[in-house]
Structure formats: C-alpha cells, structure tokens
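Enquirer: For reference, the structure I am asking about is given below.
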Amino acid sequence: MRFKRVFLSLLSVSLIILILLFPVQALQGAKNGLSAFALSVVPALFPFFVATGLFTKLGTVSRLSTVLRPLMRPLFGLPGQSALPVFLSVVSGYPNGARATAALYEAKQLTQTQARRTMAYASTVGPSFVISVLASSLLGNPRFAWALFLPHLLAAFLTGQIGRFCLPDRTPAPGPSAPFQSVPTPAFHRCFISAVQEAVTALLYVGGFIVFFFTLSNLLLALGVLPLLARIIRPLFSLFGYPPALALPFLRGLFEMTDGCLSLCATGYPAAALLPLLCALISFGGLCVQTQQALFVSPCGLRFSEGLFFKTVHGVLAFSLCSVLVRHITLPSVGTVSVSAIGFGRRLLFSTGLLFISALVLCLLCLCMSAYTLAYRKRTR
C-alpha cells in the first residue's frame with residue numbers, strides 16, 4: 001500500500017512537470033478534449049442520463065423486469081432488471097450501461113455478482129457515434145456503420161457469455177418488483193429534478209476524464225513515449241498485413257477512443273484496411289472510457305483490472321469478427337481497398353493467436369477463482 005501511494009505521488013509530480021515543460025501541447029489537448037465533450041458527448045449522453053434516472057426513480061424497472069425476464073434468463077443468465085442497462089448501452093453507448101447498472105445495484109435490484117456480470121454485456125459504443133462520426137464523417141459512407149456495429153455487438157454478447165462462465169451467480173435472484181412496490185413512488189417533478197441534477201454531475205465527471213486523457217495523450221506524444229512504443233510494435237503490424245504507420249494512431253486510441261479513431265482515419269488509408277482496427281478500438285473503449293465506467297460501478301465490486309480484462313477480450317473478439325466480415329462481404333466502393341487473401345490470413349492468424357492467449361488467461365483465471373472458492377468453503381465449514 002505504501003509503495004502504491006509513493007508510485008501514484010511520483011506519477012502526479014511527473015504529470016505536473018510535463019505540463020510545465022509542454023504547456024502548448026497540454027493546452028491543445030485540453031482544447032481538443034473540451035471540444036469533443038461539448039460537441040459530441042453532451043448531446044449524446046445527457047438525455048439518456050436523465051432518462052436512466054427517471055426509470056429507476058419512478059419504479060419503471062420493476063415492471064420492465066417482469067416483462068423481459070423470460071428473455072434475459074435463458075440468453076444472458078441475468079434477471080429482468082438487467083435489461084435496462086443492456087438496452088441503454090446498445091442504444092446510447094458508453095457509459096450509460098455502467099451508470100444504469102450502478103443505479104440498479106444501489107436500489108437493491110441487482111446483487112453484486114449480477115451487477116458485475118451485467119457490465120460484461122452492457123459496455124458498448126452507441127450507434128450514433130458509429131453512424132454519424134465514424135461511418136459518415138470520417139469514413140465518408142454511412143454504409144460502413146453496420147460493418148463496425150454488428151461485430152461490436154456480437155463480440156459484446158460473447159464477452160458477456162465469458163463473464164457468465166467466470167462469475168457464476170449462486171445467489172437467489174431478487175423478487176420481481178417487491179423493493180419498488182413496498183415504497184410509494186415520489187412525485188414526478190421531484191424525480192425529474194433529481195434526475196437532472198445527477199445527470200449534470202455525472203456529465204461533469206465524464207468531461208473531466210475526457211479532457212484529462214486527451215491532454216495525457218498529447219503530452220506523451222510530445223515527450224516521445226508514444227512514438228517509441230509505436231516503433232516497437234510496427235514490425236507486428238507489418239507482419240500481419242497492416243501499414244506500420246497505423247501503429248501510432250492505434251496507440252492513441254488505447255488512451256482515448258475518439259482521439260484514436262480520428263487519428264486512424266486521418267492517415268488517409270482505405271476504409272477496409274481501417275475497419276478491424278476501428279472495431280477493436282470502439283470495443284476496447286480506451287482507458288478513458290474504462291475509467292469513466294469504473295467511477296460508476298466501483299460500488300458494485302467491479303475492480304478496474306476485471307473491467308480491463310473483459311474489455312480486452314471484447315476488443316480482440318471484435319477485431320477477429322470484423323476481419324472475417326471484411327473478407328466475406330462487398331464493401332462500398334468509395335474509400336475501400338481489396339483485402340488480399342494473404343493479408344486476411346495473417347490478420348486471422350493474428351486474431352486467433354490473441355484469442356488463444358485470452359483463452360489461456362481465462363482458463364487460469366477460472367482455475368484461480370475455483371481454487372479460491374473451494375478454499376473459502378473449507379474455511380467456513
């Protein structure tokens with residue numbers, strides 16, 4: 001604990017020194033982050049934040065869970081209440097699923113294990129970002145949206161199934177709607193005012209993270225850390241059929257998803273060559289998105305390392321599925337390039353290797369969890 005405190009203190013001092021050494025780059029990064037937050041994030045998230053608050057405060061979740069329980073149990077292994085975070089995540093994107101999951105957990109509609117498993121499903125990018133920003137604005141054709149969004153959603157479902165295996169839920173599910181039926185529903189105007197206040201507070205947190213990671217990415221770029229890492233992984237990109245110049249933009253996306261997507265599309269490479277990398281970035285989410293989600297779901301017992309593991313698996317699966325899809329479909333002619341069989345084979349080999357490594361890590365994790373469970377049962381007997 002002491003070492004961790006000293007390490008974090010050194011990181012804070014280093015960040016202050018970097019800002020003093022590169023004030024122009026820090027200011028530009030902050031401006032870019034504020035611009036992305038004000039023009040893209042606030043219009044997309046604020047209405048859904050308010051709607052999520054109203055859903056939980058007015059007791060709508062209890063009725064929704066009763067209707068959707070026959071679908072959620074067999075497909076997702078979750079109670080009907082989890083339909084709200086999954087639906088909001090698919091419709092509105094990061095971090096609405098995390099915020100809705102935390103709200104349900106605090107309302108005692110989900111157990112801790114159910115909340116952690118829900119987050120394996122309810123962590124997706126919104127279709128508005130994929131259609132408006134990526135496909136239409138950056139790639140120049142909205143028809144690219146489904147080639148990105150379909151593998152992304154399928155990979156999210158598969159990641160949730162992995163979470164279903166890693167985090168078995170042996171606790172009985174909460175009642176259909178008993179917690180909400182026993183408490184009178186507050187007046188609508190009070191619920192609305194409270195939902196707006198909470199939405200504004202949550203958006204300020206999100207905006208702070210976005211500005212910070214935009215600034216951090218610019219500082220690491222100015223310091224030469226990101227170019228150095230890019231030179232290290234460039235041979236890997238070349239080996240599996242990707243232009244080495246895409247390494248640096250991809251690394252930027254590991255910090256902030258939007259920044260990475262903008263940088264990748266600004267390289268001028270054909271869209272078909274960028275689709276698997278873009279799909280991997282929007283599925284991984286970047287450290288910025290994962291930090292936002294960790295802020296909301298930390299009361300649910302979801303550790304940052306656990307969320308990082310599931311998002312890494314999500315990114316690898318999405319990359320693999322998008323690579324296969326790009327190979328077997330006919331993409332729009334504008335901005336596309338034919339993908340050679342050799343290039344596809346290398347990408348598929350790369351994806352398979354990453355999946356194999358992820359499977360090994362997953363098996364080790366399950367073995368450790370099983371051993372811990374057995375040891376705990378022996379101690380409690």
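The values are calculated or read from the model by the stated rules, or taken from the named source; none is laboratory data. Please read all numbers here as calculations on a predicted model, not as lab measurements. Because the Cβ atoms are built from the backbone with ideal geometry, glycine has one as well, and the counts that use them run over all protein chains shown.
Enquirer: Determine if region 139-154 includes at least one residue that is buried (at least 24 other Cβ atoms within 10 Å of the Cβ), part of a loop (DSSP other than H, G, I, E, B) and touching a residue at least 60 places away in the same chain (Cβ under 8 Å).
Expert: yes
Enquirer: Right, another one. For region 47-67, check the following and say yes or no: at least one residue is assigned to a helix (DSSP H, G or I), under 18 Å from the mean Cα position of the chain (by Cα) and at negative phi.
Expert: Yes, the conditions are met somewhere in region 47-67.
Enquirer: Would you mind telling me which numbered condition in (1) surrounded by fewer than 19 Cβ atoms within 10 Å (Cβ to Cβ); (2) under 19 Å from Thr258 (Cα atoms); (3) over 21 Å from the mean Cα position of the chain (by Cα); (4) not β-branched (Val, Ile, Thr) Phe188 fails?
Expert: Going through the list (1) surrounded by fewer than 19 Cβ atoms within 10 Å (Cβ to Cβ); (2) under 19 Å from Thr258 (Cα atoms); (3) over 21 Å from the mean Cα position of the chain (by Cα); (4) not β-branched (Val, Ile, Thr), Phe188 breaks only (2).
Enquirer: Can I ask one more? I'd like to check something: does region 253-274 contain any residue that is of a type in the set (Phe, Trp, Tyr) and surrounded by fewer than 15 Cβ atoms within 10 Å (Cβ to Cβ)?
Expert: No; the residues of region 253-274 include none that is of a type in the set (Phe, Trp, Tyr) and surrounded by fewer than 15 Cβ atoms within 10 Å (Cβ to Cβ).
Enquirer: Same structure again: Which one of these is at pLDDT 85 or above, assigned to a helix (DSSP H, G or I) and of a type outside the set (A, V, I, L, M, F, W, C): Gln25, Gln81?
Expert: After applying the criteria, what remains is Gln25.
Enquirer: Do we have any residue at all in region 60-80 that's basic (Lys, Arg), in contact with a Phe, Trp or Tyr (Cβ under 9 Å, 6 or more places away or on another chain) and surrounded by 17 or more Cβ atoms within 10 Å (Cβ to Cβ)?
Expert: no
Enquirer: Please give the number of the condition Ile282 fails out of (1) of a type in the set (Val, Ile, Thr); (2) buried (at least 24 other Cβ atoms within 10 Å of the Cβ); (3) modelled with pLDDT under 90.
Expert: With respect to (1) of a type in the set (Val, Ile, Thr); (2) buried (at least 24 other Cβ atoms within 10 Å of the Cβ); (3) modelled with pLDDT under 90, Ile282 is out only on (3).
Enquirer: I'd like to check something: does region 166-178 contain any residue that is part of a helix (DSSP H, G or I), exposed (fewer than 14 other Cβ atoms within 10 Å of the Cβ), aliphatic (A, V, I, L, M) and at pLDDT 85 or above?
Expert: No.
Enquirer: May I ask you to say which residue of Gly301, Gly307 is small (Gly, Ala, Ser), touching a residue at least 40 places away in the same chain (Cβ under 8 Å) and at positive phi?
Expert: Criteria check complete, one pass: Gly301.
Enquirer: Now for a different question. Give the residues of region 214-241 that are free of Cβ contacts under 8 Å to residues at least 60 places away in the same chain, among the small types (Gly, Ala, Ser) and surrounded by 13 or more Cβ atoms within 10 Å (Cβ to Cβ), sorted by residue number.
Expert: Ala230, Ser238
Enquirer: What residue, of Leu8, Leu18, is modelled with pLDDT under 85, assigned to a helix (DSSP H, G or I), more than 17 Å from Ala199 (Cα to Cα) and not basic (Lys, Arg)?
Expert: That would be Leu8, the only listed residue that is modelled with pLDDT under 85, assigned to a helix (DSSP H, G or I), more than 17 Å from Ala199 (Cα to Cα) and not basic (Lys, Arg).
Enquirer: Also, I was wondering about something else. Return the pairs, sorted by first residue and then second, in which the second residue is assigned to a helix (DSSP H, G or I) and buried (at least 19 other Cβ atoms within 10 Å of the Cβ), the first residue lies in region 37-49 and is free of Cβ contacts under 8 Å to residues at least 60 places away in the same chain, the beta carbons are less than 7 Å apart, and the residues are 6+ apart or on different chains.
Expert: Note: pairs meeting the criteria are Phe48/Leu88; Phe48/Ser92; Phe48/Asn96.
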